[in-house]
Amino acid sequence: MHPWRSSPPMKLRFSSAQLLLGATALALCPAQLSADTGEEALDETGETSSEANTRRTFTPEDFARFAPRSALDMARQIPGFSIDEGGGSRGLGQADTNVLINGRRISGKSNGPVEALQRIPAEEVVRLELVDGASLDIGGLSGQVLNVITSSTGGITGQFRYAPRFRSRGTPARLFDASISLAGGGAKEEWTLALENDSNRRGNDGIEQVFDGAGTLIDTRDEQANFQSDRISLSGSYTRIADNGNVLNFTGEAVGFIFRRRETSLRSGTIAQTDRDRLFTGGEDEVNFEVGLDYQFAFGPGQLKLIGLHRYENSPTFSEVTTNFADGSAPTGSVFDRLADEYESIARAEYSVDGLGGNLLFAAEGVRNILDITSSLQERDDAGTLQPVELLGASARVDEDRAEISATYSRPLSPNLQFQASAGAEYSQLSQSGAFGQTRTFYRPKGFVSLDWKVSNAVNISGRVERDVGQLNFFDFLSSVDLNQERENVTNADLVPQQSWVFEVETTLGLGTLGSLNLRTFYEDITDIVDQIPIAGGGQAPGNIASAEFYGMNGNLTLLSEGVGWNGTRLDVELDLTDSSVLDPLLGTPRKLSRNTLAGLEVDLRHDFPGSVWAIGGGARWQDEADDVRIDEVSARREPFGFISAFVENKDVRGLTMRASVANLTNRADLFTRTVFTDRAAGQIDFIEDRDRRFGTIFTLAIEGSF
């Protein structure tokens with residue numbers, strides 16, 4: 001992500017009750033509007049069963065004008081819908097994404113819904129259904145959920161993509177962003193296989209000025225940064241349905257990730273400072289893999305599903321900063337190296353059975369997580385020679401053994417009202433080795449209640465109240481340094497998982513031939529939230545603050561020109577507005593959660609010329625982010641309003657789809673400010689950095705094809 005700066009952040013001042021009531025009122029007003037709805041909804045086999053549970057149904061023909069190559073291309077064109085990739089927490093738990101394939105949740109983690117849909121060729125998609133999450137026999141789902149129904153063509157099909165990118169300044173070309181995938185199978189089995197390099201080349205350059213506490217310019221820095229990454233992955237899936245209905249599913253992924261960062265800074269200060277040449281380099285050479293297996297079969301009066309998953313990641317990282325002086329003084333600088341090994345093993349069982357007028361789902365899960373880190377720090381002495389420095393608490397091992405059980409009950413309260421409730425508990429034991437080693441245990445209740453109400457063919461409202469248990473980032477336990485920003489976190493072995501009450505209402509409005517609107521409002525009351533705190537004995541680190549609030553709304557609007565007699569034009573708007581409040585652990589006064597998104601806006605416009613293979617369009621992006629607050633500094637990344645892009649597309653160049661696009665048409669900058677204090681409580685400023693970097697115009701040519 002680039003650092004950006006914008007106009008002052010939006011001030012959102014509304015209560016959770018106002019948010020929820022506003023969404024409900026908006027839903028009820030246009031109830032007379034019509035929308036396309038399917039005739040059926042999905043049952044436990046992935047097929048469809050009840051009209052009341054289906055919000056909308058789409059066939060491949062509905063997306064023909066977009067020339068989709070995969071199920072992902074179709075899913076991204078569904079009006080008013082966006083894919084939720086889940087929270088990425090440890091363990092599997094209940095379903096936390098809004099995508100199913102043939103009525104089954106995606107059991108992978110890093111190999112999630114986007115990757116799974118991308119491997120499914122468009123030829124194998126039978127239809128896409130938006131259904132009520134609470135109506136499904138899958139714990140954790142509410143609101144609108146996408147179910148993708150597929151059927152193997154019986155042969156082997158494939159698709160590929162190549163997308164070179166060039167920038168007008170400061171960054172080498174991206175020449176190796178590409179993917180290829182295969183799919184095949186028969187009446188009883190399906191398989192997919194994909195090889196992809198998710199490549200990126202970024203960079204920016206410009207001037208950073210440094211001022212002292214009185215506002216006097218004390219340093220001018222001419223800087224250039226480059227970031228290069230390649231994520232090479234081989235992923236796949238295999239599904240087999242036996243004659244007796246038993247289902248075997250396998251997913252796997254192996255990844256190699258290479259990242260390099262380089263930043264040069266030519267510095268000239270006041271007459272008291274010597275001109276300097278500073279070089280920062282850093283990188284990572286990560287290898288990881290994930291394998292998952294699940295098997296569902298009849299057991300007694302119900303269905304038993306057994307799931308196993310194992311993930312391993314090896315991540316050696318390095319960073320080095322060196323400053324050379326024009327007067328020949330000895331160089332200064334530091335080197336920080338870290339080797340991290342992460343392991344996760346999961347065993348989960350789910351038993352689904354009809355009862356009490358609905359469906360009961362009992363689940364039990366056991367998880368073992370390990371983070372093993374070895375770190376070293378070196379600093380240059382007065383002669384410029386690197387010397388080892390003790391970094392207490394930077395090398396240690398964190399182990400977690402976690403178990404959870406839950407029972408989920410789903411049933412229709414009426415033909416148009418679906419109810420789902422879940423109750424469970426989580427146990428975890430956390431152990432940390434090293435100088436601050438200790439072992440602790442936690443018991444946490446969790447659960448939710450949700451309702452899905454189909455008000456009319458045009459209006460759906462879903463509500464959810466949840467008791468959520470967060471999971472800790474194991475890296476937060478250990479001390480670390482950021483050489484580029486000259487920051488240090490000490491060890492905090494006393495972190496506890498945060499908990500929260502979450503209240504949300506989601507409203508979906510079908511606007512008929514005009515399009516669709518989806519609006520979600522939420523309020524979260526958080527206990528023991530993790531933020532930067534002072535540590536007893538000196539220093540700072542991520543730690544717990546007693547309570548916080550987080551609330552807001554996000555919406556997806558799709559408008560189609562067919563509703564006004566004009567064919568081929570589509571407008572998509574996504575808006576996020578949030579606010580938060582937490583007591584600053586140093587000042588004791590309210591502030592926003594660090595780096596929380598305050599406002600985000602995405603607008604995309606596309607026109608497909610009727611009867612032609614040509615399409616044109618463009619988009620705009622903007623985001624405003626809260627300050628990043630540490631004990632001794634406050635920093636902010638801001639975006640000038642509007643990251644503008646445009647494209648032209650031909651959907652049949654000898655069977656290929658080719659899109660040429662240009663981005664950053666307004667030459668938006670990356671803006672960053674940082675204020676470092678000698679005493680933030682007293683308001684005593686040490687220095688202020690003000691950065692303005694440009695990254696130029698971005699040109700991309702994307703080529704896609706099928707075979």
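Data for the structure
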| quantity | calculated |
| --- | --- |
| Top-ranked residue in the stretch 153-182 [being touching a residue at least 24 places away in the same chain (Cβ under 8 Å), within 17 Å of G236 (Cβ to Cβ) and among the β-branched types (V, I, T); ranked as surrounded by the fewest Cβ atoms within 10 Å (Cβ to Cβ)] | I156 |
| Close pairs from the stretch 636-650: first closer than 16 Å to R694 by Cα and aromatic (F, W, Y), partner at pLDDT below 90 and not in a strand (DSSP E or B), Cβ under 8 Å, at least 6 apart | F641/S6; F641/S7 |
| Odd one out for R638 among (1) basic (K, R); (2) touching a Phe, Trp or Tyr at 6+ places or on another chain (Cβ under 7 Å); (3) over 30 Å from D212 (Cβ atoms); (4) open to solvent by less than 40 Å² (accessible area, probe 1.4 Å) | (3) |
| Complete set of residues in the stretch 195-217 that are open to solvent by 50 Å² or more (accessible area, probe 1.4 Å) and of a type in the set (V, I, T) | I207, T216 |
| Residue satisfying all of: in the stretch 110-149; of a type in the set (G, A, S) and in a loop (DSSP other than H, G, I, E, B); farthest from the chain's Cα centre (by Cα) among these | G139 |
| Selected residue (only one of V530, V469, V502 is of a type in the set (A, V, I, L, M, F, W, C) and surrounded by fewer than 19 Cβ atoms within 10 Å (Cβ to Cβ)) | V502 |
| Elements of type strands (runs of 3 or more DSSP E) contained in the stretch 615-693, each with 2 or more residues being of a type in the set (F, W, Y) | 643-653, 669-679 |
| Complete set of residues in the stretch 671-686 that are of a type outside the set (D, E) and under 10 Å from E633 (Cα atoms) | R674, T675, V676, F677, T678, R680, I685 |
| Enumerated strands (runs of 3 or more DSSP E) restricted to the stretch 150-218, each holding at least 2 residues that are more than 30 Å from G269 (Cα to Cα) and acidic (D, E) | 189-212 |
| Residues located in the stretch 435-467, provided they are more than 26 Å from T408 (Cα to Cα) and either of a type in the set (D, E, K, R) or free of Cβ contacts under 8 Å to residues at least 24 places away in the same chain (or both) | T439, R440 |
| Residue, modelled with the highest pLDDT, within the stretch 472-486, restricted to residues that are among the charged types (D, E, K, R) and open to solvent by 50 Å² or more (accessible area, probe 1.4 Å) | D482 |
| Positions within the stretch 361-383 being of a type outside the set (A, V, I, L, M) and touching a helix residue (DSSP H, G or I) at 6+ places or on another chain (Cβ under 9 Å), in sequence order | N369 |
| Selected residue (only one of Q438, Q387 is farther than 29 Å from G140 by Cα, at pLDDT below 95, exposed (fewer than 15 other Cβ atoms within 10 Å of the Cβ) and touching a strand residue (DSSP E or B) at 6+ places or on another chain (Cβ under 7 Å)) | Q438 |
| So G333, is it open to solvent by less than 50 Å² (accessible area, probe 1.4 Å) and either at pLDDT 95 or above or in contact with a helix residue (DSSP H, G or I) (Cβ under 6 Å, 6 or more places away or on another chain) (or both) | yes |
| Qualifying positions in the stretch 95-109 - assigned to a strand (DSSP E or B) and either among the aromatic types (F, W, Y) or crowded, with 21+ Cβ neighbours inside 10 Å (or both) | V99, L100, I101, R105 |
| Matching residues in the stretch 455-490 - criterion: being of a type in the set (V, I, T) and out of contact with any Asp or Glu (no Cβ under 9 Å at 6 or more places or on another chain) | V455, V459, V490 |
| Residue match in the stretch 537-549 (condition: crowded, with 16+ Cβ neighbours inside 10 Å, of a type in the set (A, V, I, L, M, F, W, C) and either under 21 Å from the mean Cα position of the chain (by Cα) or under 28 Å from R65 (Cα atoms) (or both)) | no |
| Among the candidates S410, S376, residue that is farther than 30 Å from S135 by Cα, in contact (Cβ under 8 Å) with a residue 24 or more places away in the chain and either touching a strand residue (DSSP E or B) at 6+ places or on another chain (Cβ under 6 Å) or surrounded by 16 or more Cβ atoms within 10 Å (Cβ to Cβ) (or both) | S376 |
| Top-ranked residue in the stretch 505-527 [being outside any strand (DSSP E or B) and touching a helix residue (DSSP H, G or I) at 6+ places or on another chain (Cβ under 6 Å); ranked as most open to solvent (accessible area, probe 1.4 Å)] | T513 |
| Condition check for E320: over 28 Å from the mean Cα position of the chain (by Cα) and part of a strand (DSSP E or B) | yes |
| Checklist (1) within 31 Å of the chain's Cα centre (by Cα); (2) surrounded by fewer than 18 Cβ atoms within 10 Å (Cβ to Cβ) applied to S237, failing item | (2) |
| Restricting the stretch 390-407 to residues that are without any contact (Cβ under 8 Å) to a residue 40 or more places away in the chain and assigned to a strand (DSSP E or B), the residue that is least open to solvent (accessible area, probe 1.4 Å) | D399 |
| Criterion (farther than 19 Å from E350 by Cβ and modelled with pLDDT under 95) met by exactly one of L195, L234, L217, L279 | L217 |
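To keep it simple, each residue is scored yes or no on (1) in a strand (DSSP E or B); (2) of a type in the set (S, T, N, Q); (3) touching an Asp or Glu at 6+ places or on another chain (Cβ under 7 Å); (4) under 19 Å from E488 (Cα atoms).
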{"site": "G292", "(1), (2), (3), (4)": "yes, no, no, no"}
{"site": "A298", "(1), (2), (3), (4)": "yes, no, no, no"}
{"site": "L304", "(1), (2), (3), (4)": "yes, no, no, no"}
{"site": "R368", "(1), (2), (3), (4)": "yes, no, yes, no"}
{"site": "D372", "(1), (2), (3), (4)": "yes, no, yes, no"}
{"site": "L377", "(1), (2), (3), (4)": "yes, no, no, yes"}
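Each row is one residue, and each column tells you yes or no for (1) under 31 Å from the mean Cα position of the chain (by Cα); (2) closer than 30 Å to S168 by Cα; (3) free of Cβ contacts under 8 Å to residues at least 40 places away in the same chain.
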position: N244; (1), (2), (3): no, no, no
position: L248; (1), (2), (3): yes, no, no
position: R262; (1), (2), (3): yes, yes, yes
position: D277; (1), (2), (3): no, yes, no
position: F280; (1), (2), (3): yes, yes, no
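The values are calculated or read from the model by the stated rules, or taken from the named source; none is laboratory data. The structure displayed is predicted, hence computed values, not measured ones. Here Cβ is always computed from backbone atoms with ideal geometry, including for glycine, and neighbour counts include all displayed protein chains. Only protein heavy atoms, including side chains, enter the accessible area calculation; ligands, DNA and RNA are left aside. Shrake-Rupley method; radii C 1.70, N 1.55, O 1.52, S 1.80 Å.
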